[in-house]
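See below for the structure under consideration.
The values are calculated or read from the model by the stated rules, or taken from the named source; none is laboratory data. Not measured: the values here are computed from a predicted model. Glycine also receives a Cβ, built like all others from the backbone with ideal geometry; neighbour counts cover every protein chain displayed.
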Amino acid sequence: MNLSNRHFVLSATDCFGYDVYRTDPMYKHIPLLINATPDGVVGVFSTSHARGFYSVGSEMDGLWGRFKVYRQEHGGLEEYLLLGRTIPEVVRLYADLVGYPLLVPRWAFGYIAGGMKYSMLDEPRAADALMEFAAKVKKHDIPCSGFQMSSGYTVAETEPKTRNVFTWNYHRFPDPKGFIDAYHKEGIRLIANVKPYVLGNHPEYEKLRKAGAFFTDPATGESAEARLWSAGGGESGVGGHIDFTSEAGYRWWYEGVAELKRLGIDCIWNDNNEYTIPNDSWKCALNEKSVVQEQGLNLGNEVGFWGRSLNTELMGRSSHDACVEIEPKERPFVLTRSATAGTLRYCASAWSGDNVTSWDGMKGANALSLTAGMCLMQCYGHDIGGFEGPQPSPELLVRWCQQGIYSSRFAINCFKTSPENNSVGDVIEPWMYEETTHLVRDIIKRRYELIPYLYSLALDSHTTATPPQRWTGWGYESDAEVWTNKTLTDGESQYWLGDTLLVGGVFEPGQDTAKVYLPKDVNNTGLQFVDVNSPSNFYEAGQWIEVSAKWDESIPVLAKVGGAIPVGRPEQVLSAGETVNNANLPLDDYRAVEIFPPKSSSNGKEFVNVWYEDDGISPPPAKISKFTVTYKTDEEKIYVEFKEELQPGFDPAWKKLDVVLPVGDKRSVVFNGKEVVNSTADAKGKTRFEGGSVRP
């Protein structure tokens, strides 16, 4: 997260199997640099899509000393200076400029499965293998909300067996619509991979070439050709990138996405969209109406000036608008690997790309998440277990799952290449190790319990630009430790998830303890934290602590005393706005609030916590309902007050609110002025009080 004394490139590239510490550049092109200090914050944002370079104190001059410099290879310079007292202020200003994070469908916060192998199979056929996967998640009692269907469904049935976007391999998927419907009956949404290039043997290559859908090579006056990924790992073929500034290319893509949506695909996965084309002098068509030039300017049409990633952005817009046309009553959902600032107006989710299985990779990913959140990629995550590299050990798989449930996007997806199998690869499955299956099952079920909290953070992100995952110093700027300690400024080992949970991690095998810093707040001098996994342990803010974190139990999770989080069922449920339930999913009819009260009396102090909900599927504008839990304590009782502000037409399936106390807290609960009579202890020893009805 801390880029001080670094020199790096702003040029998105496909860095398959990257090193999280050393690889540069990576997938995104967002020229936002934030200079954060205890005395104030300055953000510098460049609007250019052209290749650029930053030196942040890694260059020096005899007269001026160390300095920061931004260089750009093409075009003029248009920069915005964003001034604020704190990082949250500057991030909000940035959102005012480029747009706030999009609404995300509620189902997308569940477990997202994937793996290139499944859709690459000829025997058994991919459709049958995927149905078998759906049966296995049920057999192992593991909820699953979505599946990332890799590009194997587009691979040609005959030689050369290359990936041909917007086609179907009818051997692997004899009946695409029937398969999609069958998967929906299993309760699993489908996320379809699409790539913005067309190989020479694609059935529509010639039509697109003649229509001017590709870039033009000035050396030949013909469609520009490049070597593109075509088949197995590292295999390539000649073809052309779609020029999304061309009307022909943009419309062809739009219609291809629309057809996938008509078949029932739930999410469009814009992949391999970094536009690593080899020549800055290739010509763009610039005749697509989405591209508007200021009158009187002759800017030319070279891709180097306009920027390769302009096409990333237009690809996002084309995919988004096609989704809106086909399903106007649902929020569009596009997942993207590459992104510009503008891409995030159209793509609701992103991830860190083709990471490698390693303990360091898991650790460094936390810093990527914090940086991504400040760039407004706030429904963001990583391929749990690693996309490339060796299979994770049982311990690493469990640790990565423990970490992953505390992020917005929880996906297990991979392509494990090997000399013996370059085309199909291998997969990571929650049940791959018999000795850890029960642990992974419990972790994923906890993820589903947390969805009301995670979804509330996403709604807050949509309206305030506040990232769900936050740097330790977010809101604690008065604490000198958050500025001076390298562990905290690197952002790798701990972070906030919302206002209440402080999440640590274990990043070495065989470790059963971890250190966590508890930030202090000058406006809350009595601030304390409680260990969620050992609730009798309370700690004063402003210190480093070492907590128990056995690999078969949990990573460190500390709760701010006075905090509260809403939780739901430990399983997949029907979103409030869904009217079709082919999978017979249970209703979202249970809600509880886990509170973290002080050990003794709060001395009259009240703790106020808010969360948000909506119907989970409707398009913008958002209609968000607000729920407020206020509580105070004495030595014997906890007094909880609840109120709700429902938007018209929103009628949650849950009609009462339970209150959950930490393990060992023996106090009784008074809910909205009435003492709660019924209480039970769950499997982990938490006391669950059956709250009163909150509506008929």
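Looking at segment 111-126, which of the residues that are assigned to a loop (DSSP other than H, G, I, E, B) and in contact (Cβ under 8 Å) with a residue 24 or more places away in the chain is farthest from S230 (Cα to Cα)? I'd like the intermediate steps shown before the answer.
Initial filter on segment 111-126 (assigned to a loop (DSSP other than H, G, I, E, B)): 115, 120-125.
The next check asks that each one be in contact (Cβ under 8 Å) with a residue 24 or more places away in the chain; those that pass are 115, 120-122, 125.
Working: G115: 18, M120: 13, L121: 16, D122: 17, R125: 21 Å.
Here the answer is R125.
Yes or no: A108 surrounded by 14 or more Cβ atoms within 10 Å (Cβ to Cβ) and part of a helix (DSSP H, G or I)?
Yes; evaluated as a whole, the condition is true for this residue.
Do we have G76 as surrounded by fewer than 14 Cβ atoms within 10 Å (Cβ to Cβ) and not in a strand (DSSP E or B) here?
For G76, the condition - surrounded by fewer than 14 Cβ atoms within 10 Å (Cβ to Cβ) and not in a strand (DSSP E or B) - is met.
Search segment 1-22 for residues that are closer than 24 Å to V482 by Cα and pair each with any residue that is assigned to a loop (DSSP other than H, G, I, E, B) and not small (G, A, S) when their beta-carbon atoms are under 8 Å apart and the residues are at least 6 apart or on different chains.
M1/W471; M1/E492; V20/N355
Quick one: what pairs do we get from segment 617-635, first residue within 22 Å of P598 (Cβ to Cβ) and surrounded by 15 or more Cβ atoms within 10 Å (Cβ to Cβ), second among the acidic types (D, E) and modelled with pLDDT of 95 or more, C-beta under 8 Å, 6+ apart or different chains?
V629/E641; T630/E606; T630/E641; Y631/E606; Y631/E641; K632/E606
Take N413 and tell me if it is surrounded by fewer than 18 Cβ atoms within 10 Å (Cβ to Cβ) and either in contact (Cβ under 8 Å) with a residue 60 or more places away in the chain or out of contact with any Gly (no Cβ under 6 Å at 6 or more places or on another chain) (or both). Break it down into steps so the answer makes sense when it comes.
Numbers: surrounded by fewer than 18 Cβ atoms within 10 Å (Cβ to Cβ): no; either in contact (Cβ under 8 Å) with a residue 60 or more places away in the chain or out of contact with any Gly (no Cβ under 6 Å at 6 or more places or on another chain) (or both): yes.
For N413, the condition - surrounded by fewer than 18 Cβ atoms within 10 Å (Cβ to Cβ) and either in contact (Cβ under 8 Å) with a residue 60 or more places away in the chain or out of contact with any Gly (no Cβ under 6 Å at 6 or more places or on another chain) (or both) - is not met.
Starting from residues that are closer than 18 Å to D588 by Cβ and not hydrophobic (A, V, I, L, M, F, W, C), keep the ones in segment 652-663 and report whichever is surrounded by the most Cβ atoms within 10 Å (Cβ to Cβ).
Checking each candidate, the answer is D658.
Given (1) crowded, with 19+ Cβ neighbours inside 10 Å; (2) assigned to a strand (DSSP E or B), identify the lone condition not met by K515.
Going through the list (1) crowded, with 19+ Cβ neighbours inside 10 Å; (2) assigned to a strand (DSSP E or B), K515 breaks only (1).
Scanning segment 266-300 for residues that are among the polar types (S, T, N, Q) and free of Cβ contacts under 8 Å to residues at least 40 places away in the same chain, which turns out farthest from P332 (Cα to Cα)?
Restricting to residues being among the polar types (S, T, N, Q) and free of Cβ contacts under 8 Å to residues at least 40 places away in the same chain, the top hit is N298.
Consider F67 against the criteria (1) in contact with a helix residue (DSSP H, G or I) (Cβ under 8 Å, 6 or more places away or on another chain); (2) without any contact (Cβ under 8 Å) to a residue 40 or more places away in the chain; (3) of a type in the set (F, W, Y): it satisfies all of them except one. Which criterion is unmet?
(1)
What are the residues in segment 650-682 that are over 28 Å from S602 (Cα atoms) and either over 29 Å from the mean Cα position of the chain (by Cα) or of a type in the set (A, V, I, L, M, F, W, C) (or both), if any?
F650, A653, W654, K655
Looking at P328, P332, which one is crowded, with 23+ Cβ neighbours inside 10 Å and in a loop (DSSP other than H, G, I, E, B)?
Selected residue: P332, the only one of P328, P332 that is crowded, with 23+ Cβ neighbours inside 10 Å and in a loop (DSSP other than H, G, I, E, B).
Only one residue in G237, G233, G249 is buried (at least 21 other Cβ atoms within 10 Å of the Cβ) and not hydrophobic (A, V, I, L, M, F, W, C), so which one is that?
Going through G237, G233, G249 in turn, just one is buried (at least 21 other Cβ atoms within 10 Å of the Cβ) and not hydrophobic (A, V, I, L, M, F, W, C): G249.
Among the residues of segment 592-611, is there at least one that is crowded, with 20+ Cβ neighbours inside 10 Å, in contact with a helix residue (DSSP H, G or I) (Cβ under 7 Å, 6 or more places away or on another chain) and not in a loop (DSSP other than H, G, I, E, B)?
yes
Filter segment 170-228 down to the residues that are assigned to a helix (DSSP H, G or I), within 24 Å of S309 (Cα to Cα) and touching a strand residue (DSSP E or B) at 6+ places or on another chain (Cβ under 7 Å) and list them by number.
Scanning segment 170-228 gives Y205, L208, R209.
Out of curiosity, is F166 outside any loop (DSSP other than H, G, I, E, B) and over 13 Å from L121 (Cβ atoms)?
no
For segment 375-390, which residues satisfy the criterion of being in contact with a Lys or Arg (Cβ under 9 Å, 6 or more places away or on another chain) and of a type outside the set (S, T, Y)?
Within segment 375-390, the first condition is being in contact with a Lys or Arg (Cβ under 9 Å, 6 or more places away or on another chain), and the residues that meet it are 375, 377, 379-382, 386-390.
Answer for segment 375-390, where residues must be in contact with a Lys or Arg (Cβ under 9 Å, 6 or more places away or on another chain) and of a type outside the set (S, T, Y): C375, M377, C379, G381, H382, G386, F387, E388, G389, P390.
For the condition of a type in the set (D, E) and crowded, with 17+ Cβ neighbours inside 10 Å, what is the one hit in D280, D360, D354?
Criteria check complete, one pass: D354.
Give me the residue from segment 377-419 that is polar (S, T, N, Q) and not in a loop (DSSP other than H, G, I, E, B) and, out of that set, farthest from L497 (Cα to Cα). Explain how you work it out, then say what you get.
At the first step, the residues of segment 377-419 found to be polar (S, T, N, Q) are 378, 391, 393, 402-403, 407-408, 413, 417-418.
If we keep only those that are not in a loop (DSSP other than H, G, I, E, B) as well, we get 402-403, 418.
Working: Q402: 14, Q403: 11, S418: 37 Å.
Only one residue fits best here, namely S418.
Kindly indicate which of G649, G691 is in a loop (DSSP other than H, G, I, E, B) and either polar (S, T, N, Q) or surrounded by fewer than 17 Cβ atoms within 10 Å (Cβ to Cβ) (or both).
When all the criteria are applied, what remains is G649.
So, in segment 524-541, how many residues would count as being in a loop (DSSP other than H, G, I, E, B), among the hydrophobic types (A, V, I, L, M, F, W, C) and farther than 18 Å from A683 by Cβ?
2
When the residues of segment 467-488 are narrowed to those that are of a type in the set (D, E, K, R) and surrounded by fewer than 24 Cβ atoms within 10 Å (Cβ to Cβ), which ends up nearest to Y100 (Cα to Cα)?
E477
On the basis of being of a type outside the set (D, E, K, R), closer than 25 Å to Q148 by Cα and either surrounded by fewer than 22 Cβ atoms within 10 Å (Cβ to Cβ) or modelled with pLDDT under 95 (or both), does G200 make the cut?
Taking the combined requirement at face value, the residue does not satisfy it.
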